[in-house]
1. Given the structure, is Gly132 at pLDDT 80 or above and either under 26 Å from Ser43 (Cβ atoms) or in contact with a strand residue (DSSP E or B) (Cβ under 7 Å, 6 or more places away or on another chain) (or both)?
2. Name the residues in the range 392-451 that are out of contact with any Gly (no Cβ under 9 Å at 6 or more places or on another chain), among the aromatic types (Phe, Trp, Tyr) and at pLDDT 85 or above, would you?
3. Conditions: (1) surrounded by 23 or more Cβ atoms within 10 Å (Cβ to Cβ); (2) within 17 Å of Val353 (Cβ to Cβ). Leu108 meets all but one. Number of the miss?
4. Of Thr56, Thr35, Thr91, Thr106, which residue is over 30 Å from Glu224 (Cα atoms) and touching a Lys or Arg at 6+ places or on another chain (Cβ under 8 Å)?
5. Take the conditions farther than 17 Å from Ser445 by Cα and either crowded, with 22+ Cβ neighbours inside 10 Å or basic (Lys, Arg) (or both) and apply them to Arg121. Does it pass?
6. Collect the residues in the range 456-482 that are loosely packed, with under 13 Cβ neighbours inside 10 Å and of a type outside the set (Val, Ile, Thr), keeping them in residue-number order.
7. Report yes if some residue within the range 114-122 is under 24 Å from Ala448 (Cα atoms), in contact with a Leu (Cβ under 8 Å, 6 or more places away or on another chain) and touching a residue at least 12 places away in the same chain (Cβ under 8 Å); otherwise report no.
8. Can you name the residue in the range 152-166 that is surrounded by 22 or more Cβ atoms within 10 Å (Cβ to Cβ) and either without any contact (Cβ under 8 Å) to a residue 60 or more places away in the chain or of a type outside the set (A, V, I, L, M) (or both) and, of all such residues, is nearest to Ser59 (Cα to Cα)?
Amino acid sequence: MVTLETWDLVLIFGFFSITLSIGLFVSKSSGKSSTEYFLSGRSMPWWLLGISMVATTFSTDTPNLVTDIVRTNGVSGNWVWWAFLLTGLLTVFVYARLWRKSNVNTDLEFYELRYGGRPARFLRGFRALYLGIVFNVITMSAVTLAAIKIGSIMLGLEPWQTVISAGLITVIFSAVGGFKGVVYTDFILFFVAMGGAIGAAYYLINIPEVGGLDALLSHEVVHEKLNILPDTTDTETLITLFIIPLAVQWWSSWYPGSEPGGGGYIAQRMLSAKNEKHAIGATFFFNIMHYALRPWPWILVALASLVVFPDLESLKQAFPIVAEDKLGHDLAYSAMLTKLPTGLLGLVLASLVAAYMSTISTQLNWGSSYIVYDFYKARVNPNASERRLVDMGRISTVGLMILSAVLALLLQNALQLFEILLVFGAGTGLIFILRWFWWRINAWSEIAAMLASGLITITLKLTPIGTYLFGTDSGVLSPWMEYPFVVLSTSLIWLGVTFMTQPESSETLIGFCNKINPGGPGWRKVMKAMTQNTKVHLENKQKWSVPDGIYAMIAGCFMIYALMLSTGYWIYGQYWRATIFTLIALLAMFLLIKLWKRVEDDIL
């Protein structure tokens, strides 16, 4: 436990005051209408939205998760989430334009644009409750769990004390400020959070117990964890942590912030952009920061923690106040922060508070938008006034905060929850990618995928069938096959349901084509029918932009992965490798600039 000095308290309470003031300042304009409250009037510039996305995904549980991964599987273990860059850049160069063009209020409203009838209404309403409440509450509880561990180790707080103190201010400015308050505060939260993370990493690798960067990298416990790329001689680890994420996971799994085809709070920011170009610019900036640069301060602290706290027993002895059910490797990040000096300690605590508030405020506003637009207005009160919708948004914001706080008190570690959420959405991602470009997919396809993925995951996790198939000692199949098994089973089920059910009506499909102009061979049959029908007028005749978008995506992946690898190798002092990957990044950037001009021409 640490003792906060005057400067620490000034920094922390000053930060609280600023964020509250912003929320109160924009509350009047945010309360004018539901569009202002949830999308800020669709007037946001790319740079502000991009920074907001980065700040949102920098939550209190993210450093804990990265620390858990590094201590358990080494630096290369991060490929389990680095693989989602492919999803992110597909969203940037293909789906951002489509989402902004749809002009819906939430990504769930898309269901009644793309599909029709009672199945579409059911799907929209069900996912509003499932994602807006169940999934959203689970995600927020993981963030709050991280805050509980930080408060317990650094300040000696009881879990309930952390929940109340961390959540109260967040829920106040989120409820009154709406989306505009969230984005404006994110701008400040981003710089505070990054400053704290970098400052903590620099100081902690130079404490006497670690002895500086050279001593850290040469330490026998750390050295075996340094590989950025997985060890090719360890087949099971290579498949689990590298091949499956890059070959299957990125396109097949729905996960908050990395949804195939875009969605969630990323879609909310794209929908609030000024236009399609600003939506693309925001998501591209986010992906560069999220994957290439931001993880390294956390990785360095995680590696340093292996020197100071080499195992769980050392953490337990150092922090006996921590409850047994909250003890895990993710605790090591908070444990290292207790060694920070006055001033820097206050900045880092403020940065962690910033990370917490940014993520929770976004999740609250995003989840509330589902409840208000996709359930309350769509199913309960279609004629609700704008004032009523804003009031419901504020009420649901408070309710979501309470539910997530209660669940956080029951959880144990961040990695455990990450793995459950990852598998739970396995197999659904392909639909979210293809539904824009294949006319045959219908509402029943998505319903079948959602139910199949959930039921198969529950069966494997909670019944003897899972142990029989994938048990570590005597399973019929290798443990690494579990994820591909769920993906394959789910995909076969929803494809079968697609062809056994009727396609969407011609009216629905033609309306979608006119509004979005998805183009491509997957809509050729519908487009042919439209041209043969003299009563139908095709309003959009833009060039099909997907091929250029995919080329840009590939170039962007090379650029960002090369930046990420070169950053790591520069830190490691492996200058030859660092130079090679820096040159690859520059070459890919040059190619991307040329491709970007073609993407812009497709938009115009």
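The values are calculated or read from the model by the stated rules, or taken from the named source; none is laboratory data. Predicted, not measured: the structure shown is a model, and the values here were computed from it. Cβ: placed from backbone, ideal geometry, glycine included. Neighbour counts: every protein chain shown.
1. Yes, satisfied.
2. Hit for the range 392-451 is Trp444, nothing else.
3. Failed condition: (2).
4. Thr35
5. No, not satisfied.
6. Leu462, Pro464, Asp473, Ser474 - these are the residues of the range 456-482 that are loosely packed, with under 13 Cβ neighbours inside 10 Å and of a type outside the set (Val, Ile, Thr).
7. Looking through the range 114-122, at least one residue is under 24 Å from Ala448 (Cα atoms), in contact with a Leu (Cβ under 8 Å, 6 or more places away or on another chain) and touching a residue at least 12 places away in the same chain (Cβ under 8 Å).
8. Going through the qualifying residues, I end up with Thr162.
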